[in-house]
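What follows is calculated from the coordinates using simple rules that are stated; it is not laboratory data. All values derive from a computational prediction rather than experimental measurement. Note: ideal-geometry Cβ built from the backbone for every residue, glycine included; neighbour counts use all protein chains shown.
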Amino acid sequence: MLTTGTTAPAFSLRDQNGELHSLSDYRGQTVILYFYPKDMTGGCTSQACSFRDLYPQFLEKGAVVLGVSKDSVESHKRFEEKHGLPFTLLSDPELQVIKAYDVLKPGKDGAPGKGPIRSTYLIDGNGIIVKAFGAVKAKENAAQMLEEL
């Protein structure tokens, strides 16, 4: 995990609609950047639906929610549509952002990791990491982040 007080690594990734998003697009806004292992799995669905259910409250507080996994743009689109997700899902198949944010899950017996640890960063409007949460609980993460705001 990256430490609080450091500048959040810049990135550009495609969302569930194929549109490019960069962290710099959100200058001046609070960003909740959450990493999750895989679309359509139990924990990840629970986490995403919790963010969905609290989304109006995040908007009231001026926060942007961005979910990141290694899944494809197409997989993200199916995930969004099936669960009515109102926020942006970013596709990181090359694991560049996952690695930059130091949330790559270690592989077994020293093998390279294949996906992210469920974790969340709270980034302020200047691009500084205000809080970093590793190994978060799927069902509790959205409420935890709302409390942090």
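Here is a yes/no grid of residues against (1) farther than 20 Å from Ile129 by Cα; (2) under 12 Å from the mean Cα position of the chain (by Cα); (3) among the aromatic types (Phe, Trp, Tyr):
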site	(1), (2), (3)
Arg27	no, no, no
Val31	no, yes, no
Ser46	yes, no, no
Cys49	yes, no, no
Val65	no, yes, no
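Every condition in (1) touching a Gly at 6+ places or on another chain (Cβ under 6 Å); (2) farther than 23 Å from Thr6 by Cα holds for Gly84 except the one numbered (1). Among the residues of the stretch 17-32, is any of a type in the set (A, V, I, L, M, F, W, C), closer than 14 Å to Ser91 by Cβ and touching a residue at least 12 places away in the same chain (Cβ under 8 Å)? Scanning the stretch 17-32, I find no residue that is of a type in the set (A, V, I, L, M, F, W, C), closer than 14 Å to Ser91 by Cβ and touching a residue at least 12 places away in the same chain (Cβ under 8 Å), so the answer is no. Just one of the numbered conditions (1) more than 15 Å from Val64 (Cα to Cα); (2) within 12 Å of the chain's Cα centre (by Cα); (3) hydrophobic (A, V, I, L, M, F, W, C) is not true of Leu95: (2).
Check the stretch 17-32 and report whether any residue there is acidic (Asp, Glu) and crowded, with 17+ Cβ neighbours inside 10 Å. Looking through the stretch 17-32, none of the residues is acidic (Asp, Glu) and crowded, with 17+ Cβ neighbours inside 10 Å. Would it be correct to say that Ala142 is within 22 Å of Ser24 (Cβ to Cβ) and of a type in the set (A, V, I, L, M)? It is false that Ala142 is within 22 Å of Ser24 (Cβ to Cβ) and of a type in the set (A, V, I, L, M). Pairing each residue of the stretch 57-82 that is over 25 Å from Arg27 (Cα atoms) with any residue that is in a helix (DSSP H, G or I) and of a type in the set (Val, Ile, Thr), provided the two are 6+ apart or on different chains, yields C-beta distances under 9 Å for Phe79/Thr45; Lys82/Thr45. The residue of the stretch 102-121 that is nearest to Thr30 (Cα to Cα), among those that are of a type in the set (A, V, I, L, M) and in contact with a Phe, Trp or Tyr (Cβ under 8 Å, 6 or more places away or on another chain), is Val103. Can you work out which of the residues in the stretch 15-25 that are assigned to a strand (DSSP E or B) and not aliphatic (A, V, I, L, M) is nearest to Lys131 (Cα to Cα)? Ranking the qualifying residues of the stretch 15-25, first place goes to Ser22.
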